[in-house]
Amino acid sequence: MSLILRTATRFLLPLLLLFSLFLLLRGHNSPGGGFVGGLVAAAAFALYALAFDVAAARQLLRIDPRQLIAVGLLVALASGMVAWLAREPFMTGQWSYITVLGIGPVPLGTPLIFDLGVYLVVVGVMLTIILSLAEE
Amino acid sequence: MNVLLVLPILIPLVTAVAALLAWRWRRVQRWMSVLGATALLFVALRLLTSVWRDGIQAVQMGSWPAPFGITVVADLFSAIMVALAGVMGFAVAIYSLSSMDAERESFGYYPLLHILLMGVCGAFLTGDMFNLYVWFEVMLMASFVLLVLGGERAQMEGAIKYVTLNLMSSALFLAAVGILYGMAGTLNMADLAEKLKNVHHPGLVTTLSMLFLIAFGIKAAVFPLFFWLPASYHTPPVAVSAIFAGLLTKVGVYALIRVFTLLFVHDVGYTHRLILVVAGLTMITGVLGAVAQNEFRRILSFHIVSQIGYMIMGLGLFTPLALAGSIFYIIHHIIVKTNLFLVSGVVHRLCGTYELKKLGGLYQVYPGLAILFMIPALSLAGLPPLSGFWAKLTLVQAGLEIQQYEIVAVALAVGMLTLFSMIKIWTEAFWKPSTLNPQPSDNRRRVLNLLFPIVLLALLTVAIGLVAQPFFALAERAADQLINPEAYIRAVLAGTS
């Protein structure tokens, strides 16, 4: 594995992860969202696995990608259930408005949590597939 | 109340996720699976009683009003199907404890089983055509993996036919949904029922209904689109075969009954007449296919096909009594057919083969097991006083009422041939003398896990036979809701128009 790729990956990895978070947060009203964000994050780890090796990528991730799928599904599920607390049908969006440091009001709602769940599921699924194939 | 409607979808999902989190610990997964299946059964029965008491219920997901958002709706028919899915999930989850091998268990059998249940329950509960497509896909995806899990040669061969045909059907289904949307501008089933009345080209609606007939017909395994079923159902482990046999084709039947009672009722003389013809041919080809077979599970698979014929026969006749007969038949059939597959699994454990030629002498060694086979087998053939008798009687009576003598004759003849097939299994596997010496290799607890679901389902069969009246009343009221869809439409569209 080339030195250039390894060095570049060290710089690209945080950038890609930041960009994936940007896509996730932007997704509610503009192009982006949990799915694309998750794909970009998975791509970042896949790049790392290419530049170094699969074991290193797994170590960097710390958690088994399969667990990420489960956690993501739970997060998405929970975001839908929040509506029950307000005695509304499943998946009804719940919103609150927060002002931080004079910026705002920033709308924060359960759809974002749902998107976070999607993000985790996509990262989990993609990395389960990619890392298993790379190990073959 | 509105939580109750979503729970049959959420509980299997939570169970699957919990099992996924416990990927490394098989023991934990097994307990999760049983726990989740029990919870599903409990909730499904609660839903059924609730719908029986308070009538049709609907919830709009995310509070988006009806024609725009996704509706989850339960009328009696849906609730009955969900309850049956609960019973089957419970029986198979317990049966799996002793019958599933360690390798399949550690490669995600339990999460997949519950995802399958989620897809099935979702398909029964949704009130939206596109959403129905999505649940079909969820269910199929899980079934594809369950079918090949283990990777035996025969499994792969069966899976190729199964996957190809089902993908075809999905493509047709999706195309039909697209055309439907282009024509009516909505995909909410209740809204469609209203809008389709005003479409200017009745011919186009009929064409479209035929697309749906083919798409759902492949999934329900009706003539001439059934051949994927006997080619694949005997290949996976018994627990998987059993849940497939009990639930998957029935989702197709459910979808057929739903769309041909709610949406496509403008030209009954053509569409339902055709369904009736298909029903007759399905019965005959299925049962004749079974006669030629000599393998336990293959015979049972062909009988699924022939029994599907009975279920849609009621739809083809299209009278309240006939539909009640169909629904009663589905209740009876799911329980009986799953049970027969479970018994075949026990026979396989004892003798190590499904080939009737090699089997024999089981009655001598295990008379109890022989009786447990006899109950569902005779019920399938329609002998009184078991559940199958009432189911067939209702359909035959409904056929006589409107002078459809041909289909009645076919139904009766196929009943006789079914009896012949079941007797063949009986004489070959249980009665004929054999040198085979079946060895029980399991300890008591494992045997208990295998026998408990079989006994439970056998008791249900007997109970439905002896106390048929409440079950028939249930089917009758469900059929009444299907024939007069106004209440369904009102429940879904309430407060929106």
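The values are calculated or read from the model by the stated rules, or taken from the named source; none is laboratory data. As the structure is a computational prediction, the values presented were derived from the model and not from experiment. Reconstructed Cβ throughout: ideal geometry from the backbone, glycine too, with neighbour counts over all protein chains shown. Please note that ligands, DNA and RNA were not included when accessible areas were found on the heavy atoms of the full protein model with its side chains. Shrake-Rupley method; radii C 1.70, N 1.55, O 1.52, S 1.80 Å.
Within the range B:49-67, restricting attention to residues that are part of a helix (DSSP H, G or I) and in contact with a Phe, Trp or Tyr (Cβ under 9 Å, 6 or more places away or on another chain), the residue that is least open to solvent (accessible area, probe 1.4 Å) is B:G62. Checking each residue of the range B:38-48 against the condition of being within 14 Å of chain A (Cβ to nearest Cβ), open to solvent by 30 Å² or more (accessible area, probe 1.4 Å) and within 25 Å of the chain's Cα centre (by Cα) gives no match. Counting only helices (runs of 4 or more DSSP H) wholly contained in the range A:21-136, no element carries 3 or more residues that are in contact with a Ser or Thr (Cβ under 6 Å, 6 or more places away or on another chain), among the β-branched types (V, I, T) and over 30 Å from B:L4 (Cβ atoms).
Yes or no, residue by residue, for (1) within 14 Å of chain A (Cβ to nearest Cβ); (2) closer than 20 Å to A:L74 by Cα; (3) among the charged types (D, E, K, R):
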position	(1), (2), (3)
B:L4	yes, yes, no
B:I11	yes, yes, no
B:A16	yes, yes, no
B:A19	yes, yes, no
B:W23	yes, yes, no
B:R30	no, yes, yes
B:L35	no, yes, no
B:V51	no, no, no
B:S63	yes, no, no
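Please find, among A:L25, A:L85, the residue that is away from chain B (no Cβ under 11 Å), surrounded by fewer than 21 Cβ atoms within 10 Å (Cβ to Cβ) and in contact (Cβ under 8 Å) with a residue 24 or more places away in the chain. Before the answer, list the steps.
Values: A:L85 fails: in contact (Cβ under 8 Å) with a residue 24 or more places away in the chain.
It is A:L25.
Name the residue, out of B:L165, B:L192, that is more than 20 Å from B:V265 (Cα to Cα) and either modelled with pLDDT of 90 or more or assigned to a helix (DSSP H, G or I) (or both). I'd like the intermediate steps shown before the answer.
Values: B:L192 fails: more than 20 Å from B:V265 (Cα to Cα).
Exactly one residue qualifies, and that residue is B:L165.
A single entry from B:L84, B:L146 fulfils the requirement of being more than 16 Å from B:T235 (Cβ to Cβ) and either in contact with a strand residue (DSSP E or B) (Cβ under 6 Å, 6 or more places away or on another chain) or among the aliphatic types (A, V, I, L, M) (or both): B:L84.
Can you tell me which of B:I243, B:I218, B:I275 is within 20 Å of B:L116 (Cα to Cα), part of a helix (DSSP H, G or I), more than 13 Å from the chain's Cα centre (by Cα) and in contact (Cβ under 8 Å) with a residue 24 or more places away in the chain? Before the answer, list the steps.
On the way: B:I243 fails: more than 13 Å from the chain's Cα centre (by Cα); B:I275 fails: within 20 Å of B:L116 (Cα to Cα).
The match here is B:I218.
Candidates are the residues of the range B:457-497 that are part of a loop (DSSP other than H, G, I, E, B) and of a type in the set (A, V, I, L, M, F, W, C); the one that is farthest from B:S387 (Cα to Cα) is B:A494.
So which of B:Y95, B:Y109 is open to solvent by less than 10 Å² (accessible area, probe 1.4 Å), more than 10 Å from every other protein chain (Cβ to nearest Cβ) and over 19 Å from the mean Cα position of the chain (by Cα)? Only one candidate qualifies: B:Y109. Within the range A:57-82, the set of residues being under 20 Å from the mean Cα position of the chain (by Cα), more than 11 Å from chain B (Cβ to nearest Cβ) and open to solvent by 10 Å² or more (accessible area, probe 1.4 Å) comprises A:R58, A:Q59, A:L60, A:L61, A:R62, A:I63.
Take the range B:315-330 and flag every residue that is among the β-branched types (V, I, T) and crowded, with 24+ Cβ neighbours inside 10 Å. Steps first, please.
Initial filter on the range B:315-330 (among the β-branched types (V, I, T)): B:319, B:327, B:330.
Of everything in the range B:315-330, those that are among the β-branched types (V, I, T) and crowded, with 24+ Cβ neighbours inside 10 Å turn out to be B:I327, B:I330.
Just one residue in the set B:F223, B:F227, B:F216, B:F260 is touching a helix residue (DSSP H, G or I) at 6+ places or on another chain (Cβ under 7 Å) and open to solvent by 10 Å² or more (accessible area, probe 1.4 Å); that residue is B:F223.
The single condition among (1) among the aliphatic types (A, V, I, L, M); (2) under 18 Å from A:V75 (Cα atoms); (3) touching a helix residue (DSSP H, G or I) at 6+ places or on another chain (Cβ under 7 Å) that A:L25 does not meet is (3).
Could you tell me whether the range B:305-314 includes any residue that is under 24 Å from B:A468 (Cα atoms), at pLDDT below 95 and either open to solvent by 10 Å² or more (accessible area, probe 1.4 Å) or among the aromatic types (F, W, Y) (or both)? Within the range B:305-314 (the criterion being under 24 Å from B:A468 (Cα atoms), at pLDDT below 95 and either open to solvent by 10 Å² or more (accessible area, probe 1.4 Å) or among the aromatic types (F, W, Y) (or both)), the answer is yes, since at least one residue qualifies. Within the range A:111-136, the residues that satisfy the criterion of being surrounded by 19 or more Cβ atoms within 10 Å (Cβ to Cβ) and small (G, A, S) are A:G117, A:G124.
When you look at B:K195, is it free of Cβ contacts under 8 Å to residues at least 24 places away in the same chain, open to solvent by 10 Å² or more (accessible area, probe 1.4 Å) and more than 30 Å from B:V28 (Cβ to Cβ), yes or no? Full working, then the answer.
Working: free of Cβ contacts under 8 Å to residues at least 24 places away in the same chain: yes; open to solvent by 10 Å² or more (accessible area, probe 1.4 Å): yes; more than 30 Å from B:V28 (Cβ to Cβ): yes.
Spelling it out, B:K195 is indeed free of Cβ contacts under 8 Å to residues at least 24 places away in the same chain, open to solvent by 10 Å² or more (accessible area, probe 1.4 Å) and more than 30 Å from B:V28 (Cβ to Cβ).
Please tell me if B:F173 is at pLDDT below 90 and closer than 23 Å to B:H272 by Cα. No: the conditions fail for B:F173.
For the range B:285-323, residues that are of a type outside the set (K, R) and within 17 Å of B:I243 (Cα to Cα) total 10. Answer yes or no as to whether B:R104 is more than 14 Å from every other protein chain (Cβ to nearest Cβ), open to solvent by 10 Å² or more (accessible area, probe 1.4 Å), touching a helix residue (DSSP H, G or I) at 6+ places or on another chain (Cβ under 7 Å) and part of a helix (DSSP H, G or I). No; evaluated as a whole, the condition is false for this residue.
Does B:A176 satisfy the criteria of being part of a helix (DSSP H, G or I) and surrounded by 15 or more Cβ atoms within 10 Å (Cβ to Cβ)? Considered against the rule, which asks whether it is part of a helix (DSSP H, G or I) and surrounded by 15 or more Cβ atoms within 10 Å (Cβ to Cβ), B:A176 comes out as yes. Checking B:V6, B:V43, B:V28 one by one, the residue that is in a helix (DSSP H, G or I) and in contact with a strand residue (DSSP E or B) (Cβ under 9 Å, 6 or more places away or on another chain) is B:V6 and no other.
Which residue out of B:V347, B:V343, B:V287 is open to solvent by less than 10 Å² (accessible area, probe 1.4 Å), touching a His at 6+ places or on another chain (Cβ under 9 Å) and assigned to a helix (DSSP H, G or I)?
Working: B:V347 fails: touching a His at 6+ places or on another chain (Cβ under 9 Å); B:V343 fails: touching a His at 6+ places or on another chain (Cβ under 9 Å).
The conditions single out B:V287.
Here is a yes/no grid of residues against (1) closer than 23 Å to B:K358 by Cα; (2) exposed (fewer than 15 other Cβ atoms within 10 Å of the Cβ); (3) modelled with pLDDT of 80 or more:
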residue	(1), (2), (3)
B:G415	no, no, yes
B:S421	yes, no, yes
B:K424	yes, no, yes
B:F430	yes, no, yes
B:P433	yes, yes, yes
B:Q439	yes, yes, no
B:R445	no, yes, no
B:N449	no, no, yes
